[in-house]
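Take a look at the structure below.
The values are calculated or read from the model by the stated rules, or taken from the named source; none is laboratory data. Keep in mind it's a predicted model, so treat the numbers as computed, not measured. Positions of Cβ are generated from backbone atoms using ideal geometry, with glycine treated the same way; all protein chains shown enter the neighbour counts.
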């Protein structure tokens, strides 16, 4: 008898202005790697990562371009205020095109390693996220600070949103990469990436 490789297959989308670090966040999360120079994404780029959250095996298909998703991560650059101001436009686009009414949204302020260049305050970002029913996390794709935590939070929120869970079917595929997440043990990464484009 074949056991299923994972319990859920979730699609996550990262949106935001150019050069905010969306591709770097994805690369750091899926490959534990930071590239100083990344080419702008043209067309569709996505990666696959497997995780264990709340004793559920989850396959994440992570896109850095707009589309229908179970979770949307909105990214801005803390050193460029205009990228933060544009988040409200990205949020409108996501609400307009999202298939799932209860789609989980998370706001990321990226590039916190550039402390001296910071233009958007933590308080302003937290207030904006709260007023739009989003969780807010600050990350550094360069140092990997809070990158895993951001994805863990999105998956946790999806797993706790009944209507989103009902829209996914358990799938039978063999995972190639796993991340174990537990409230009682430290997170462990076990392997490389699943690049698919």
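Observations
- Within segment 83-93, the only residue that satisfies the criterion of being in contact with a strand residue (DSSP E or B) (Cβ under 9 Å, 6 or more places away or on another chain) and over 18 Å from residue 127 (Cβ atoms) is 93.
- Criterion violated by residue 133 - all others in (1) at pLDDT 50 or above; (2) more than 29 Å from residue 112 (Cα to Cα) satisfied: (2)
- Residue 158 within 20 Å of the chain's Cα centre (by Cα) and at pLDDT below 95: yes
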